[in-house]
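Undergrad: What follows is a single structure, and I will ask about it in a moment.
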Amino acid sequence: MDYTIARRRMVEQQIVARGVSDQRVIEAMSAVPRHLFVEAGLQSHAYGDAALPIGEKQTISQPYMVAVMTAALELQGSERILEIGTGSGYQTAILSKLVKRVYSIERIAVLAGRARKILDQLQLSNVNIKIGDGTVGWENQAPFSGILVAAGSPDVPQKYLDQLDIGGRLVLPVGDQKQQILVRITRKGKDHFEQEQMMGCRFVPLIGEQGWQGS
Ligand code: SAM
């Protein structure tokens, strides 16, 4: 299988054709080899229009969802971004190409370890990964110019609002454990936040102190 052709088709048919127009996001998604972030047996499906299993009952997000969430942050290049739910590390890799530094938190150690390995192989060196509960954010690295949450939350954790810089954007799925609405919150001032509802989505649950209870 020619992954370069598959990737070009993915970007044209799933991302550009559906209205994502941020050129830097399009370039990043054209460059990152998504097939390396899934297990060998699933590599031929890596550029399909769907989320895929990555083990530990978790998923690598659908390419379109990665593009929409990344574009919603309106990145310019100088940002420090907090990502919750490293998963396979694919979304992390896309962000790392677009910003100064990515701080990513994953609660499942085996996934964090695998993601670290692939990001190192790809020489994406501007990423810090922490294993732990991302619902409380990353206090000693805050504030962030953007926060991207790749798991569904019952509501908006206060810590994310506290750790967002003025002018910064928080993108997260909010809803029940089966379906959510993708929400973007922009911090306009110290106590002034604006919220937009973007689209329906389905993510695995955000599990932790400020999210869903889990084992
Ligand atoms: N964006 C990722 C990718 O491209 O592979 C997919 C992320 S997957 C949909 C959601 C991830 O969030 C899972 O790996 C899950 O373990 C993680 N997660 C859930 N709750 C979390 C929490 N409180 N802190 C950190 N990670 C969490």
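The values are calculated or read from the model by the stated rules, or taken from the named source; none is laboratory data. Treat the numbers as computed from the prediction; the structure is a model and nothing was measured. Every residue, glycine as well, gets a Cβ built from its backbone with ideal geometry; the counts of neighbours run over all protein chains shown. Accessible surface is based on the protein model in full, side chains and every heavy atom, while ligands, DNA and RNA are left aside. Shrake-Rupley method; radii C 1.70, N 1.55, O 1.52, S 1.80 Å.
Undergrad: Collect the residues in segment 75-91 that are more than 9 Å from the ligand (Cβ to nearest atom) and of a type outside the set (Gly, Ala, Ser), keeping them in residue-number order.
TA: 75, 76, 79, 80, 81, 82
Undergrad: Between a first residue in segment 41-56 that is free of Cβ contacts under 8 Å to residues at least 12 places away in the same chain and a second residue that is polar (S, T, N, Q) and in a strand (DSSP E or B), which pairs have beta carbons less than 8 Å apart while being 6 or more apart in sequence or on different chains?
TA: If the second residue must be polar (S, T, N, Q) and in a strand (DSSP E or B), the pairs left are 53/59.
Undergrad: For segment 75-90, how many residues are under 15 Å from residue 122 (Cβ atoms) and either open to solvent by less than 10 Å² (accessible area, probe 1.4 Å) or in contact with a Gly (Cβ under 8 Å, 6 or more places away or on another chain) (or both)?
TA: Of the residues in segment 75-90, 3 are under 15 Å from residue 122 (Cβ atoms) and either open to solvent by less than 10 Å² (accessible area, probe 1.4 Å) or in contact with a Gly (Cβ under 8 Å, 6 or more places away or on another chain) (or both).
Undergrad: Of everything in segment 97-110, what is within 13 Å of the ligand (Cβ to nearest atom) and either within 21 Å of residue 80 (Cα to Cα) or open to solvent by 40 Å² or more (accessible area, probe 1.4 Å) (or both)? Give them in sequence order.
TA: Those that are within 13 Å of the ligand (Cβ to nearest atom) and either within 21 Å of residue 80 (Cα to Cα) or open to solvent by 40 Å² or more (accessible area, probe 1.4 Å) (or both): 102, 103, 104, 105, 106, 107, 109, 110.
Undergrad: Step by step: first the residues of segment 8-25, then only those that are in contact with a helix residue (DSSP H, G or I) (Cβ under 6 Å, 6 or more places away or on another chain) and part of a helix (DSSP H, G or I), then the one that is nearest to residue 76 (Cα to Cα). Which residue is that?
TA: If we take residues in segment 8-25 being in contact with a helix residue (DSSP H, G or I) (Cβ under 6 Å, 6 or more places away or on another chain) and part of a helix (DSSP H, G or I), then 24 is nearest to residue 76 (Cα to Cα).
Undergrad: When you look at residue 33, is it within 23 Å of residue 197 (Cβ to Cβ), modelled with pLDDT of 95 or more and buried (at least 16 other Cβ atoms within 10 Å of the Cβ), yes or no?
TA: So residue 33 fails the test.
Undergrad: Could you give me the residue pairs with C-beta distances under 8 Å whose first residue belongs to segment 8-26 and is over 18 Å from residue 50 (Cβ atoms), whose second residue is acidic (Asp, Glu) and open to solvent by 40 Å² or more (accessible area, probe 1.4 Å) wherever it lies, and which are 6+ apart or on separate chains?
TA: Going by the 8 Å Cβ cut-off, the qualifying pairs are 22/74.
Undergrad: Looking at segment 115-138 only, could you name the residues that are touching a residue at least 40 places away in the same chain (Cβ under 8 Å) and over 20 Å from residue 206 (Cβ atoms)?
TA: Once the filter is applied, which keeps residues that are touching a residue at least 40 places away in the same chain (Cβ under 8 Å) and over 20 Å from residue 206 (Cβ atoms), segment 115-138 yields 118, 121, 122.
Undergrad: Next question, about the same structure. Can you find, within segment 111-148, the residue that is farthest from the chain's Cα centre (by Cα) among those that are near the ligand (Cβ under 9 Å from one of its atoms) and among the small types (Gly, Ala, Ser)?
TA: Only one residue fits best here, namely 132.
Undergrad: Residues of segment 48-74 being assigned to a loop (DSSP other than H, G, I, E, B) and either surrounded by fewer than 23 Cβ atoms within 10 Å (Cβ to Cβ) or near the ligand (Cβ under 9 Å from one of its atoms) (or both), which ones?
TA: 48, 49, 50, 51, 56, 57, 61, 62, 74
Undergrad: Shifting gears a bit: Do you know which residues across segment 36-47 are assigned to a loop (DSSP other than H, G, I, E, B) and surrounded by fewer than 19 Cβ atoms within 10 Å (Cβ to Cβ)?
TA: 39
Undergrad: How about segment 173-193: which of its residues are touching a residue at least 60 places away in the same chain (Cβ under 8 Å) and touching a Gly at 6+ places or on another chain (Cβ under 9 Å)?
TA: The one that is touching a residue at least 60 places away in the same chain (Cβ under 8 Å) and touching a Gly at 6+ places or on another chain (Cβ under 9 Å): 182.
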